[in-house]
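Participant: Take this structure first; my questions come after.
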Amino acid sequence: MIRSYFGLTQNPFDARDLQLLPQQQEICDTLKVHCQQGGLCLVLGQPGTGKSVIKRSLQSLPEKQHTVATVGRTLHTYTNTVKILCDAFRIQFESSAFQCERRLIEQAFSLNHSGKSLTTILDDAHLMDLENLRKLRLLFEDFPKNHNLILIGRPSLLAALDLGVNQDIKSRVTYSVISKRLGSDDMRSFVLRELDRVGLGHNTFTQPAVDLIVRSADGVLRQARNLCVGCLIEAVRSASKTIDIDNVNRVLLQPHWQKEADLTDF
(Lines give C-alpha, C1' and ligand atoms only; values in the text may rest on other atoms or scores of the structure.)
Protein backbone atom coordinates (compact mmCIF):
# COMPACT_ATOMS: atom_id res chain seq x y z
CA MET A 1 0.00 0.00 0.00
CA ILE A 2 2.73 2.47 0.95
CA ARG A 3 4.88 1.51 -2.03
CA SER A 4 1.98 1.85 -4.45
CA TYR A 5 0.83 5.20 -3.07
CA PHE A 6 4.28 6.81 -3.03
CA GLY A 7 5.50 5.07 -6.20
CA LEU A 8 8.32 3.15 -4.50
CA THR A 9 10.10 -0.08 -5.37
CA GLN A 10 11.17 -0.82 -1.76
CA ASN A 11 9.36 -0.77 1.55
CA PRO A 12 10.43 2.22 3.67
CA PHE A 13 11.69 1.44 7.17
CA ASP A 14 11.67 -2.30 6.43
CA ALA A 15 13.38 -4.11 9.33
CA ARG A 16 15.00 -6.56 6.91
CA ASP A 17 16.69 -3.78 4.92
CA LEU A 18 17.91 -1.51 7.71
CA GLN A 19 21.51 -0.45 7.25
CA LEU A 20 24.01 -0.33 10.09
CA LEU A 21 24.33 2.95 11.90
CA PRO A 22 27.91 4.09 12.67
CA GLN A 23 27.90 2.74 16.23
CA GLN A 24 26.40 -0.54 15.02
CA GLN A 25 29.01 -0.76 12.26
CA GLU A 26 31.75 -0.42 14.87
CA ILE A 27 30.28 -3.30 16.88
CA CYS A 28 29.89 -5.42 13.75
CA ASP A 29 33.48 -4.75 12.63
CA THR A 30 34.77 -5.88 16.04
CA LEU A 31 32.66 -9.03 15.90
CA LYS A 32 34.04 -9.83 12.45
CA VAL A 33 37.56 -9.80 13.89
CA HIS A 34 36.46 -12.28 16.55
CA CYS A 35 34.86 -14.38 13.80
CA GLN A 36 38.39 -14.80 12.43
CA GLN A 37 40.22 -15.16 15.75
CA GLY A 38 37.60 -17.00 17.80
CA GLY A 39 36.11 -16.09 21.14
CA LEU A 40 32.96 -15.62 23.19
CA CYS A 41 31.18 -12.33 22.55
CA LEU A 42 28.23 -10.67 24.29
CA VAL A 43 25.99 -8.22 22.44
CA LEU A 44 23.50 -6.89 24.97
CA GLY A 45 20.84 -4.23 25.02
CA GLN A 46 17.23 -3.39 25.68
CA PRO A 47 14.60 -4.48 23.10
CA GLY A 48 14.61 -2.41 19.93
CA THR A 49 18.08 -0.92 20.25
CA GLY A 50 19.49 -2.52 17.10
CA LYS A 51 20.81 -5.95 18.12
CA SER A 52 18.83 -7.67 15.36
CA VAL A 53 20.32 -5.33 12.75
CA ILE A 54 23.79 -6.41 13.86
CA LYS A 55 22.76 -10.07 13.78
CA ARG A 56 21.40 -9.78 10.23
CA SER A 57 24.61 -8.10 9.11
CA LEU A 58 26.64 -11.05 10.41
CA GLN A 59 24.25 -13.52 8.79
CA SER A 60 24.85 -11.82 5.44
CA LEU A 61 28.61 -12.42 5.50
CA PRO A 62 29.82 -14.15 2.29
CA GLU A 63 29.13 -17.89 2.48
CA LYS A 64 32.40 -18.73 0.74
CA GLN A 65 34.39 -17.39 3.69
CA HIS A 66 31.98 -17.70 6.62
CA THR A 67 29.57 -20.18 8.17
CA VAL A 68 27.18 -18.39 10.51
CA ALA A 69 24.79 -20.66 12.45
CA THR A 70 21.95 -19.02 14.36
CA VAL A 71 19.86 -20.44 17.20
CA GLY A 72 16.84 -18.22 17.77
CA ARG A 73 14.68 -20.59 19.81
CA THR A 74 16.65 -20.52 23.02
CA LEU A 75 13.81 -21.83 25.23
CA HIS A 76 14.32 -25.33 23.82
CA THR A 77 15.91 -28.20 25.69
CA TYR A 78 19.57 -28.91 25.05
CA THR A 79 18.74 -31.82 22.71
CA ASN A 80 16.43 -29.66 20.60
CA THR A 81 19.01 -26.90 20.54
CA VAL A 82 21.53 -29.39 19.18
CA LYS A 83 18.97 -30.36 16.53
CA ILE A 84 18.74 -26.69 15.50
CA LEU A 85 22.53 -26.53 15.32
CA CYS A 86 22.58 -29.62 13.11
CA ASP A 87 20.17 -27.92 10.75
CA ALA A 88 22.22 -24.71 10.79
CA PHE A 89 25.42 -26.63 10.01
CA ARG A 90 23.55 -28.65 7.36
CA ILE A 91 24.08 -32.10 8.78
CA GLN A 92 21.62 -34.91 9.43
CA PHE A 93 20.26 -35.13 12.97
CA GLU A 94 21.24 -38.38 14.63
CA SER A 95 19.23 -40.37 17.16
CA SER A 96 20.94 -38.90 20.21
CA ALA A 97 22.47 -35.61 21.32
CA PHE A 98 25.82 -37.35 21.86
CA GLN A 99 25.98 -38.56 18.25
CA CYS A 100 24.92 -35.13 17.04
CA GLU A 101 27.69 -33.50 19.05
CA ARG A 102 30.24 -35.74 17.37
CA ARG A 103 28.87 -34.92 13.92
CA LEU A 104 28.86 -31.20 14.71
CA ILE A 105 32.50 -31.29 15.81
CA GLU A 106 33.48 -33.21 12.66
CA GLN A 107 31.57 -30.75 10.47
CA ALA A 108 33.15 -27.78 12.26
CA PHE A 109 36.65 -29.06 11.57
CA SER A 110 35.72 -29.89 7.97
CA LEU A 111 34.48 -26.34 7.38
CA ASN A 112 37.49 -24.91 9.16
CA HIS A 113 39.91 -26.93 7.03
CA SER A 114 38.15 -25.61 3.91
CA GLY A 115 39.09 -22.09 4.98
CA LYS A 116 35.79 -20.94 6.44
CA SER A 117 35.43 -19.02 9.68
CA LEU A 118 32.85 -20.44 12.09
CA THR A 119 30.38 -18.35 14.08
CA THR A 120 27.43 -19.48 16.19
CA ILE A 121 24.87 -16.90 17.31
CA LEU A 122 22.54 -17.57 20.24
CA ASP A 123 19.75 -15.00 19.99
CA ASP A 124 17.73 -14.07 23.10
CA ALA A 125 20.44 -15.80 25.11
CA HIS A 126 19.07 -14.32 28.35
CA LEU A 127 16.12 -16.72 27.98
CA MET A 128 18.29 -19.82 27.73
CA ASP A 129 18.63 -22.11 30.70
CA LEU A 130 22.17 -21.52 31.95
CA GLU A 131 22.66 -25.27 32.34
CA ASN A 132 22.01 -25.64 28.60
CA LEU A 133 24.38 -22.78 27.87
CA ARG A 134 27.04 -24.50 29.97
CA LYS A 135 26.59 -27.71 27.96
CA LEU A 136 26.90 -25.77 24.72
CA ARG A 137 30.05 -24.09 26.00
CA LEU A 138 31.55 -27.52 26.65
CA LEU A 139 30.54 -28.65 23.15
CA PHE A 140 32.16 -25.60 21.55
CA GLU A 141 35.35 -26.24 23.51
CA ASP A 142 35.92 -29.13 21.07
CA PHE A 143 35.31 -26.90 18.03
CA PRO A 144 38.26 -25.32 16.18
CA LYS A 145 39.91 -22.68 18.34
CA ASN A 146 38.92 -19.84 15.99
CA HIS A 147 35.22 -20.62 16.42
CA ASN A 148 33.30 -17.58 17.67
CA LEU A 149 30.22 -17.86 19.89
CA ILE A 150 28.06 -14.72 20.06
CA LEU A 151 25.38 -14.36 22.74
CA ILE A 152 22.74 -11.74 21.92
CA GLY A 153 20.34 -10.78 24.69
CA ARG A 154 19.35 -8.34 27.38
CA PRO A 155 21.76 -6.90 29.97
CA SER A 156 20.25 -9.23 32.59
CA LEU A 157 22.43 -11.95 31.06
CA LEU A 158 25.45 -10.23 32.64
CA ALA A 159 23.92 -10.55 36.09
CA ALA A 160 23.34 -14.26 35.50
CA LEU A 161 26.94 -14.75 34.37
CA ASP A 162 28.16 -12.96 37.51
CA LEU A 163 26.95 -15.84 39.65
CA GLY A 164 29.77 -18.01 40.88
CA VAL A 165 28.42 -21.14 39.23
CA ASN A 166 28.65 -19.40 35.82
CA GLN A 167 32.17 -18.01 36.16
CA ASP A 168 33.43 -20.73 33.81
CA ILE A 169 31.40 -19.02 31.06
CA LYS A 170 32.11 -15.40 32.01
CA SER A 171 35.85 -15.99 32.28
CA ARG A 172 35.89 -16.95 28.57
CA VAL A 173 34.24 -13.73 27.33
CA THR A 174 36.58 -12.00 24.87
CA TYR A 175 34.33 -9.05 23.93
CA SER A 176 31.17 -7.51 25.29
CA VAL A 177 29.17 -4.45 24.33
CA ILE A 178 25.90 -2.76 25.21
CA SER A 179 23.75 -1.62 22.28
CA LYS A 180 22.60 1.75 23.58
CA ARG A 181 19.66 3.99 22.78
CA LEU A 182 20.25 6.48 19.99
CA GLY A 183 20.80 10.17 20.57
CA SER A 184 18.49 12.72 18.93
CA ASP A 185 20.90 13.54 16.10
CA ASP A 186 21.49 9.86 15.30
CA MET A 187 17.74 9.22 15.29
CA ARG A 188 17.14 12.09 12.87
CA SER A 189 19.93 10.77 10.66
CA PHE A 190 18.30 7.34 10.70
CA VAL A 191 14.93 8.72 9.54
CA LEU A 192 16.47 10.80 6.75
CA ARG A 193 18.75 7.99 5.61
CA GLU A 194 15.80 5.61 5.30
CA LEU A 195 14.00 8.18 3.16
CA ASP A 196 17.08 8.42 0.95
CA ARG A 197 17.28 4.63 0.66
CA VAL A 198 13.81 4.28 -0.85
CA GLY A 199 13.90 7.51 -2.88
CA LEU A 200 11.59 9.70 -0.80
CA GLY A 201 12.41 13.38 -0.32
CA HIS A 202 13.38 14.67 3.09
CA ASN A 203 10.33 16.94 2.94
CA THR A 204 8.08 13.86 3.10
CA PHE A 205 8.21 14.39 6.87
CA THR A 206 7.94 17.98 8.05
CA GLN A 207 10.54 19.12 10.57
CA PRO A 208 8.01 19.28 13.45
CA ALA A 209 6.91 15.72 12.56
CA VAL A 210 10.51 14.46 12.65
CA ASP A 211 11.10 16.22 15.98
CA LEU A 212 8.01 14.59 17.50
CA ILE A 213 9.03 11.16 16.17
CA VAL A 214 12.49 11.56 17.69
CA ARG A 215 11.07 12.55 21.08
CA SER A 216 8.45 9.80 21.10
CA ALA A 217 10.88 7.04 20.05
CA ASP A 218 13.00 7.80 23.12
CA GLY A 219 16.16 6.54 21.46
CA VAL A 220 14.72 3.11 20.58
CA LEU A 221 15.33 2.26 16.92
CA ARG A 222 12.39 -0.15 16.65
CA GLN A 223 9.95 2.42 18.05
CA ALA A 224 11.16 5.02 15.55
CA ARG A 225 10.76 2.57 12.67
CA ASN A 226 7.26 1.50 13.74
CA LEU A 227 6.20 5.09 14.29
CA CYS A 228 7.43 6.16 10.86
CA VAL A 229 5.61 3.26 9.18
CA GLY A 230 2.44 4.17 11.08
CA CYS A 231 2.77 7.77 9.92
CA LEU A 232 3.15 6.68 6.29
CA ILE A 233 0.00 4.57 6.60
CA GLU A 234 -1.85 7.57 8.05
CA ALA A 235 -0.64 9.67 5.11
CA VAL A 236 -2.06 7.11 2.68
CA ARG A 237 -5.38 7.07 4.56
CA SER A 238 -5.60 10.86 4.48
CA ALA A 239 -4.47 11.02 0.82
CA SER A 240 -1.48 13.20 1.69
CA LYS A 241 2.06 13.03 0.35
CA THR A 242 3.43 14.88 3.38
CA ILE A 243 3.55 13.66 6.96
CA ASP A 244 2.95 16.50 9.38
CA ILE A 245 2.62 16.62 13.13
CA ASP A 246 -1.10 15.76 12.92
CA ASN A 247 -0.27 12.44 11.25
CA VAL A 248 2.22 11.63 13.98
CA ASN A 249 -0.24 12.53 16.72
CA ARG A 250 -2.92 10.28 15.21
CA VAL A 251 -0.50 7.36 15.43
CA LEU A 252 0.50 8.28 18.97
CA LEU A 253 -3.16 8.14 20.03
CA GLN A 254 -3.10 4.36 19.53
CA PRO A 255 -3.14 2.66 22.95
CA HIS A 256 0.22 0.93 22.67
CA TRP A 257 1.94 4.30 22.32
CA GLN A 258 0.35 5.73 25.45
CA LYS A 259 1.31 5.40 29.07
CA GLU A 260 -0.87 3.38 31.40
CA ALA A 261 -2.10 6.50 33.22
CA ASP A 262 -3.47 7.87 29.94
CA LEU A 263 -5.58 4.73 29.35
CA THR A 264 -7.68 5.01 32.52
CA ASP A 265 -11.38 4.66 31.79
CA PHE A 266 -13.48 7.65 32.70
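The values are calculated or read from the model by the stated rules, or taken from the named source; none is laboratory data. This is a predicted model, so every value here is computed, not measured. Cβ placement follows ideal geometry from the backbone for every residue including glycine, while neighbour counts extend to all protein chains displayed. When the accessible area is computed, the model is the full protein with side chains, heavy atoms only, and any ligands, DNA or RNA have been set aside. Shrake-Rupley method; radii C 1.70, N 1.55, O 1.52, S 1.80 Å.
Participant: Where residues in the stretch 72-92 are of a type in the set (Ser, Thr, Tyr) and open to solvent by 10 Å² or more (accessible area, probe 1.4 Å), which of them is farthest from the chain's Cα centre (by Cα)?
Facilitator: 79
Participant: May I ask you to say which residue of 65, 25, 37, 59 is open to solvent by 70 Å² or more (accessible area, probe 1.4 Å), out of contact with any strand residue (DSSP E or B) (no Cβ under 7 Å at 6 or more places or on another chain), over 30 Å from residue 234 (Cβ atoms) and at pLDDT 90 or above?
Facilitator: Going through 65, 25, 37, 59 in turn, the sole match is 37.
Participant: Of all residues in the stretch 219-234, how many are in contact with a Lys or Arg (Cβ under 7 Å, 6 or more places away or on another chain) and either open to solvent by 70 Å² or more (accessible area, probe 1.4 Å) or assigned to a helix (DSSP H, G or I) (or both)?
Facilitator: Qualifying residue count for the region: 1.
Participant: Still on this structure, please answer the following. Which of the residues belonging to the stretch 182-204 are polar (S, T, N, Q), within 22 Å of the chain's Cα centre (by Cα) and surrounded by 14 or more Cβ atoms within 10 Å (Cβ to Cβ)?
Facilitator: 189
Participant: Under 9 Å between Cβ atoms, which residue pairs at least 6 apart in sequence (or on different chains) link something in the stretch 237-263 that is exposed (fewer than 10 other Cβ atoms within 10 Å of the Cβ) with a partner that is in a helix (DSSP H, G or I) and modelled with pLDDT under 90?
Facilitator: Note: pairs meeting the criteria are 255/262; 255/263.
Participant: Condition first: among the aliphatic types (A, V, I, L, M) and part of a loop (DSSP other than H, G, I, E, B). Now tell me which residues in the stretch 64-94 satisfy that.
Facilitator: If the condition is that a residue be among the aliphatic types (A, V, I, L, M) and part of a loop (DSSP other than H, G, I, E, B), then 75, 91 are the ones that fit.
Participant: Restricting the search to the stretch 121-177, which residues are on the phi < 0 side of the Ramachandran plot, acidic (Asp, Glu) and open to solvent by less than 70 Å² (accessible area, probe 1.4 Å)?
Facilitator: 123, 168
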